[in-house]
Amino acid sequence: MTAQTAWPENVIARYLADAGKALADPTITVDLSEDPDTISGVLGVCRGCGSTLANSSYYGHPDLITGRHWAQEHAETCRAIPKPA
């Protein structure tokens, strides 16, 4: 059993990246969060390669469908690992 890690504040969905699966590292993820600047968008970021999904909104409402699709697709193929601190 792997230990659960706390999600960053405002993250509403999280996908384990391919690199995270291969390395059994639960911190290499693709995260979706509400856009704090617009309140009506969804932002995405990969914790491995740093790719981002810009403000995804649909008629002024958060576009979770587009955000989830991007995050799932990216997580399935991203093999990047974050640079050590």
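Quick rundown of the values:
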{"quantity": "Some residue of the range 47-61 being more than 9 Å from the chain's Cα centre (by Cα), buried (at least 19 other Cβ atoms within 10 Å of the Cβ) and modelled with pLDDT of 90 or more", "calculated": "yes"}
{"quantity": "Failed condition for Asp31, given (1) open to solvent by 60 Å² or more (accessible area, probe 1.4 Å); (2) under 20 Å from Gly67 (Cβ atoms); (3) modelled with pLDDT of 90 or more", "calculated": "(1)"}
{"quantity": "Considering residues of the range 34-46 that are in a strand (DSSP E or B) and open to solvent by less than 10 Å² (accessible area, probe 1.4 Å) only, the residue modelled with the lowest pLDDT", "calculated": "Val42"}
{"quantity": "Within the range 15-27, considering residues that are at pLDDT 95 or above and under 11 Å from the mean Cα position of the chain (by Cα), the one least open to solvent (accessible area, probe 1.4 Å)", "calculated": "Ala17"}
{"quantity": "Filtered residue count, the range 66-85, keeping only those that are open to solvent by 60 Å² or more (accessible area, probe 1.4 Å) and touching a Leu at 6+ places or on another chain (Cβ under 9 Å)", "calculated": "3"}
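The values are calculated or read from the model by the stated rules, or taken from the named source; none is laboratory data. Here the structure is a predicted model, which means the values were calculated and not measured. Every residue, glycine as well, gets a Cβ built from its backbone with ideal geometry; the counts of neighbours run over all protein chains shown. Surface areas here come from the heavy atoms of the whole protein model, side chains and all, with no ligands, DNA or RNA. Shrake-Rupley method; radii C 1.70, N 1.55, O 1.52, S 1.80 Å.
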